[in-house]
1. Based on this model, can you work out whether residue 168 counts as under 21 Å from residue 236 (Cα atoms) and either in the same structural domain as residue 238 (by TED's automatic domain parsing) or among the basic types (Lys, Arg) (or both)?
2. Of everything in the range 100-135, what is surrounded by 16 or more Cβ atoms within 10 Å (Cβ to Cβ), touching a residue at least 40 places away in the same chain (Cβ under 8 Å), part of a loop (DSSP other than H, G, I, E, B) and not hydrophobic (A, V, I, L, M, F, W, C)? Give them in sequence order.
3. May I ask you to verify whether residue 62 is within 30 Å of residue 176 (Cα to Cα) and either exposed (fewer than 13 other Cβ atoms within 10 Å of the Cβ) or within 26 Å of the chain's Cα centre (by Cα) (or both)?
4. Anything in the range 1-50 that is more than 29 Å from the chain's Cα centre (by Cα), surrounded by 19 or more Cβ atoms within 10 Å (Cβ to Cβ) and not charged (D, E, K, R)? List them, or say none.
5. So which residues in the range 315-347 are more than 30 Å from the chain's Cα centre (by Cα) and of a type in the set (A, V, I, L, M, F, W, C)?
6. Can you tell me which condition residue 138 does not meet? The list is (1) part of a strand (DSSP E or B); (2) more than 17 Å from residue 197 (Cα to Cα), and all the others hold.
7. How many of the residues making up the range 10-29 are free of Cβ contacts under 8 Å to residues at least 12 places away in the same chain and either in the same structural domain as residue 152 (by TED's automatic domain parsing) or outside any helix (DSSP H, G or I) (or both)?
8. Which condition from (1) assigned to a loop (DSSP other than H, G, I, E, B); (2) touching a Lys or Arg at 6+ places or on another chain (Cβ under 9 Å); (3) in the same structural domain as residue 89 (by TED's automatic domain parsing); (4) not hydrophobic (A, V, I, L, M, F, W, C) is the one that residue 62 breaks?
Amino acid sequence: MARDNFSPTVKAALAKRAGYRCSFPGCPATTVGPSDESSTATSNTGEAAHINSASGGKGARRHDPSLSPEQRSSIDNGVWCCNVHAELIDTDEVTYTVGLLKSWRRLAELKAKIRQSHGNIELVRHPELTSLGIAPDTVSVSKDDGNEKIGRAVEYSCIREIWGKPLAGALRDFLIEHSRNVLSHGQASAVEIKFSNHCVEINDNGAGPLDFAVLNDPDRSRGGGMAYRELLVTLRLSGISASREDGINKVYIPLISSAKELPKVNPCAVFLSSDNDPQHTKEELQLLAMCDRVYVIAPDYTCFSDSDKYEKKLVQIIKHHPNVTIVLQDVTVGVLNYFRKKLQGVEVVAW
């Protein structure tokens with residue numbers, strides 16, 4: 001079957017848009033450089049890999065018969081990689097999905113754009129990268145393949161590139177320990193980990209929800225607790241919650257750079273209603289009641305005298321849930337300490 005190959009123009013554009021760097025997560029390879037053949041010769045060690053295969057038939061990866069030849073050979077169907085990783089992704093359509101490869105390309109091109117504007121700066125936690133978010137993916141974990149499958153999933157989600165090596169490592173350890181515990185001791189037969197742009201969600205069908213109080217107690221926890229406490233150290237605000245819905249245990253681990261983003265990715269987080277907003281609905285309160293902890297995001301520029309008003313508004317939530325954290329944004333140390341004294345029974349943290 002004929003292949004719908006990329007034209008030289010498309011290949012050159014893919015290479016340039018990636019800054020002549022491999023798009024595979026964690027690969028530092030630069031794919032162009034000088035050649036010893038002559039004073040003007042260059043060596044190209046990169047390749048324009050197809051996202052959807054260039055043709056059908058035996059051995060084709062990620063083939064989509066609905067695409068036209070023009071679509072298969074277009075720049076939208078390519079990702080720039082070094083020769084090694086281009087060959088690797090062309091051998092496995094289960095691991096290297098269409099969505100994953102497109103996410104890698106978007107990230108690689110954004111990194112190239114930032115470097116062009118600002119030089120070869122440190123990109124970890126760069127606002128444009130955190131805004132883009134990690135590469136979406138979903139993996140199912142069994143007792144026999146937890147470590148390797150989870151380790152690769154964290155690597156391929158680009159968490160290390162965006163949020164840094166310490167957070168990626170701590171998150172990987174927690175995902176491994178938590179999956180192992182619920183499969184071995186929690187009566188779960190299935191664990192599913194979903195990587196979305198700004199959150200990692202763990203679902204399992206075990207007996208009960210995760211008890212963070214036990215995990216946070218060094219005297220009562222072991223591997224899972226050590227991994228959880230290490231993860232908390234790497235997150236500016238944990239924002240981690242657990243709930244149980246329709247027999248499924250859910251753990252939400254947000255990866256966000258602003259407290260305002262928390263309610264978008266964690267259903268156990270809400271904004272504190274302003275004077276003009278209605279009170280939280282019965283349905284919202286029922287959902288929050290299933291959470292192990294509720295996060296309440298206060299309005300911007302909170303000051304001392306706001307405490308009385310906030311206390312009245314929190315009553316409705318506290319009545320339905322004993323574990324509440326109120327998040328104050330951009331406040332002074334004085335305001336933070338005052339709120340901690342004033343709001344008894346409520347955890348107060350600053351972003």
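The values are calculated or read from the model by the stated rules, or taken from the named source; none is laboratory data. Treat the numbers as computed from the prediction; the structure is a model and nothing was measured. Because the Cβ atoms are built from the backbone with ideal geometry, glycine has one as well, and the counts that use them run over all protein chains shown.
1. yes
2. 133
3. Values: within 30 Å of residue 176 (Cα to Cα): yes; either exposed (fewer than 13 other Cβ atoms within 10 Å of the Cβ) or within 26 Å of the chain's Cα centre (by Cα) (or both): yes.
Yes; evaluated as a whole, the condition is true for this residue.
4. The one that is more than 29 Å from the chain's Cα centre (by Cα), surrounded by 19 or more Cβ atoms within 10 Å (Cβ to Cβ) and not charged (D, E, K, R): 6.
5. Of everything in the range 315-347, those that are more than 30 Å from the chain's Cα centre (by Cα) and of a type in the set (A, V, I, L, M, F, W, C) turn out to be 315, 333, 335, 339, 343.
6. Here residue 138 clears every test but (2).
7. Residues meeting the conditions: 1.
8. (2)
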